[in-house]
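*Asks:* Supplied in structure tokens, the structure appears directly below.
Please treat every number below as a calculation from the coordinates, not as lab data. Keep in mind the model is a prediction, meaning the values are calculated, not measured. With ideal geometry, Cβ positions are generated from the backbone for all residues, glycine too; neighbour counts draw on all protein chains shown.
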Amino acid sequence: MQQIGQEAGLDLDKRRFQANIYGDLQMAGFAENDLVGRRLQVGAKAMIAVIAPDPRCKMITLDPDTSEAKPEVLRMVARNHGGNAGLYGAVLTEGIVRPGNEITLLD
């Protein structure tokens with residue numbers, strides 16, 4: 001998200017990406033795409049299989065507070081990242097996920 005904001009010249013609120021989990025993986029922007037096909041543990045028990053990059057639509061152009069559209073957000077994602085930003089995951093093992101939980105790469 002930070003890289004997209006830099007590319008578009010905007011300070012982006014993470015809510016515009018409507019993710020279920022936000023994590024700071026201490027990786028360069030879009031390096032998370034290398035996690036496709038791998039498993040993550042979130043907190044003590046939850047296990048998630050990373051299955052695909054997340055294809056984005058025009059919803060990411062809308063400010064979550066004002067609904068003001070900034071089409072350059074989607075243009076940057078389409079031009080620089082093949083239209084993808086973020087990851088899709090499938091829950092393999094249920095568990096409680098809380099803010100601040102550690103995210104661990106399992107394989």
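*Asks:* Treating only the Cβ atoms of Lys and Arg (+1) and Asp and Glu (-1) as charged, compute the dipole magnitude of the chain about its Cα centre; round to the nearest 20 debye.
*Replies:* Values: 12 positive and 14 negative charges, 49 e Å.
Here the chain has a charge dipole of around 240 debye.
*Asks:* Could you work out [θ]222 nm for the chain from helices alone, using -39500 (n - 2.57) per DSSP H run of at least four and dividing by all its residues? Round to the nearest 500 deg cm²/dmol. Intermediate values should be presented prior to the final figure.
*Replies:* On the way: 2 runs with 17 residues, N = 107.
-4500 deg cm²/dmol, from helical runs alone.
*Asks:* Specify the angular offset, from 0 to 90 degrees and rounded to the nearest 10, of the alpha carbon long axis of helix 72-81 from the longest principal axis of the alpha carbons in the chain.
*Replies:* Computed tilt is about 50 degrees.
*Asks:* Okay, next question. Subtract the Cα-Cα distance of residue 10 and residue 58 from 0.36 nm times their separation in residues, and report this length gain in nm to one decimal. The partial results should precede the final answer.
*Replies:* Numbers: separation 48, 0.36 × 48 = 17.28 nm, distance 1.61 nm.
So the extension gain works out to 15.7 nm.
*Asks:* Something else now. If I model a spin label as a point 7 Å beyond the Cα along the Cα-Cβ vector, how far apart are those points for residue 18 and residue 65 in nm?
*Replies:* That separation, rounded to one decimal, is 2.1 nm.
*Asks:* Of the chain, which part is the longest with no GluC sites (Glu not before Pro) in a loop (DSSP not H, G, I, E, B) and with at most 14 other C-beta atoms within 10 angstrom? Could the numbers behind the result be given before it?
*Replies:* Numbers: sites that count: 68, 94, 102.
Counting at most 14 other Cβ atoms within 10 Å as exposed, the longest clean stretch of the chain is 1-67.
*Asks:* Still on this structure: Return the single residue from 31, 78, 52 with maximal mean-square fluctuation; model: Gaussian network over the chain, springs between Cα atoms under 10 Å.
*Replies:* Among 31, 78, 52, the largest GNM mean-square fluctuation belongs to 31.
*Asks:* Moving on to the next point. Among (i) 21, 15, 13; (ii) 26, 15, 12; (iii) 29, 16, 10, only one was calculated for this model; which label is it, if the read-out is semi-axes √(5λ) of the Cα gyration tensor in Å?
*Replies:* Calculated semi-axes √(5λ) of the Cα gyration tensor in Å: the matching label is (ii).
*Asks:* Another question about this same structure. Which FRET efficiency value, to the nearest 0.05, do you get for residue 107 and residue 2 by plugging their Cβ-Cβ distance into 1/(1 + (r/R0)^6) with R0 = 25 Å? Please list the in-between numbers first.
*Replies:* Working: r = 27 Å, r/R0 = 1.07.
It comes to 0.40.
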